[in-house]
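Peer 1: What follows is a single structure, and I will ask about it in a moment.
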Amino acid sequence: MKNQALADFQGKTVVVSGASSGIGRAIAIMLASHGARLILIGRDSDRLEETARSLPSGKYRLVPLDLRNREEIMPQMQTARKEFGAIYGLCHAAGVVDMLPLNVSTIDRLLPMFDVNLFAGIELARAVSRRDTMDPEGGSILFISSIYGIIGKPGETGYSATKGAITSAARTMAVELAKRNIRVNILSPGLVRTDMTEKAFSMLSPQQVKDIEKGHPLGPGKPEDVARAAVFLLSPQNRWITGTDLVIDGGYTAQ
């Protein structure tokens, strides 16, 4: 049997949200290294430019966009379709986390997390999977969720709710879109050291941070650890994987 690359995105266009930092940036860079053309979404245009400068090569389009403005998502994807041709993939890596005890988890405090983590993800999937937008031969959609969509953690009621919801939504999308050869998967990381987690840790005591880190037998992850798994699940070569939630957490949930 002829050897084939595990991931080859030559001629494929992939949308990556949250591409201005952290996991999203790492995924964008790794996709580009495997030949993907990229549509990079991020709220901070300067940091998006930093991501673009880090790309090894290839064609890309930068889309500075606050995903809370959901009405802008569809027009942006249609514009990208006109410029790049059919879109093959989507990775929704953008996320907002706000650690809140239940007694202060008002709807107003929770809505920003739902807007970005859940509602924007669904709208991106809706926009990209349109018949006049996605490659007629099929495609791949990936949502970056979290182990907190699976397990409980104090102070994470709202965040966990958004991640559990997007995981459930993705499984339903996988069944609904399978007839068009569109795969939908989920990646649930544990503790990954990014700017977002550092901000969350700033609200904790050093001992609390140490306890969280000790809970991961292989230690905290790096954005590149998640990016490798994301490229695998998005890859056109993995045509028979859909509806899967791949946990990548250094052994946290194995205990």
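Peer 1: Working out 0.36 nm times the residue gap between Ser45 and Glu224, then minus their Cα-Cα distance, what length gain in nm do you get to one decimal? Spell out each step's value before the answer.
Peer 2: Working: separation 179, 0.36 × 179 = 64.44 nm, distance 2.20 nm.
Residue separation times 0.36 nm, minus the Cα-Cα distance, leaves 62.2 nm.
Peer 1: Moving on to the next point. For the residues Thr167, Thr162, what sequence is obtained by ranking on other C-beta atoms within 10 Å, fewest first? Before the final figure, lay out each step's value.
Peer 2: Values: Thr167 18, Thr162 27.
Listed from fewest to most nearby Cβ atoms, that is Thr167, Thr162.
Peer 1: Note down the magnitude of the dipole of the chain about its Cα centre, charges +1 on Lys and Arg C-beta and -1 on Asp and Glu C-beta and zero elsewhere, to the nearest 20 debye. Each step should come with its number before you reach the end.
Peer 2: On the way: 30 positive and 26 negative charges, 143 e Å.
Using Cβ point charges on Lys, Arg, Asp and Glu, the chain gives about 680 debye.
Peer 1: Now for a different question. Quick one: check the C-alpha center-to-center distance for segment 43-96 versus segment 222-253, whole angstrom.
Peer 2: 21
Peer 1: How high is the FRET efficiency from Thr157 to Arg130, r the C-beta distance, R0 25 Å, rounded to 0.05? Walk me through the numbers on the way to the answer.
Peer 2: Numbers: r = 34 Å, r/R0 = 1.36.
Efficiency, rounded to the nearest 0.05: 0.15.
Peer 1: May I pose another question? Kindly put Met203, Met196, Met134 in sequence by how many other C-beta atoms sit within 10 Å of each C-beta, fewest to most. Mind showing how you got there, number by number?
Peer 2: Working: Met203 12, Met196 16, Met134 26.
Ranked by crowding around the Cβ, least crowded first: Met203, Met196, Met134.
Peer 1: Could you give the length gained by full extension between Thr253 and Asn181, i.e. 0.36 nm per residue of separation minus their alpha carbon distance, to one decimal place?
Peer 2: Details: separation 72, 0.36 × 72 = 25.92 nm, distance 3.13 nm.
Full extension from Thr253 to Asn181 adds 22.8 nm.
Peer 1: Where in segment 147-218 are there chymotrypsin sites (Phe, Trp or Tyr not before Pro) that are in a DSSP coil and have at most 13 other Cβ atoms within 10 angstrom of their Cβ? It would help to have the intermediate numbers written out before the result.
Peer 2: Details: sites: Tyr148, Tyr159, Phe201; in loops: none.
Hits after loop and neighbour filter: nothing returned.
Peer 1: Expressed as a rounded percentage, what relative contact order does the chain have, with Cα pairs under 8 Å and six or more residues apart?
Peer 2: Numbers: 501 pairs, mean separation 53.4, N = 255.
It rounds to 21 percent for the chain.
Peer 1: I would also like to ask the following. Pairs to check: Lys179/Lys222; Lys12/Lys179; Lys179/Lys214; Lys163/Lys210. Give those whose C-alpha atoms are more than 32 Å from each other in this structure.
Peer 2: Working: Lys179/Lys222 35 Å; Lys12/Lys179 20 Å; Lys179/Lys214 44 Å; Lys163/Lys210 24 Å.
Check vs 32 Å cut-off fails for Lys179/Lys222; Lys179/Lys214.
Peer 1: Same structure, new question: Report, in order of residue number, the helices in the chain meeting two criteria: a C-alpha extent of 15 Å or more along the helix axis, and a mean Kyte-Doolittle hydropathy of at least 0.5; treat each whole DSSP H run as one helix.
Peer 2: Numbers: long enough: 22-33 (17 Å, 1.54); 73-84 (16 Å, -0.69); 157-177 (30 Å, 0.24); 223-234 (16 Å, 0.93).
Answer set is 22-33, 223-234.
Peer 1: How far apart, in nm, are the 7 Å Cα→Cβ label points at Gln237 and Ser33?
Peer 2: About 1.5 nm, to one decimal.
Quick note: the coordinates plus some simple rules give every number you see, no bench work behind them. Because the structure is predicted, anything quoted here is derived from the model rather than measured. Here Cβ is always computed from backbone atoms with ideal geometry, including for glycine, and neighbour counts include all displayed protein chains.
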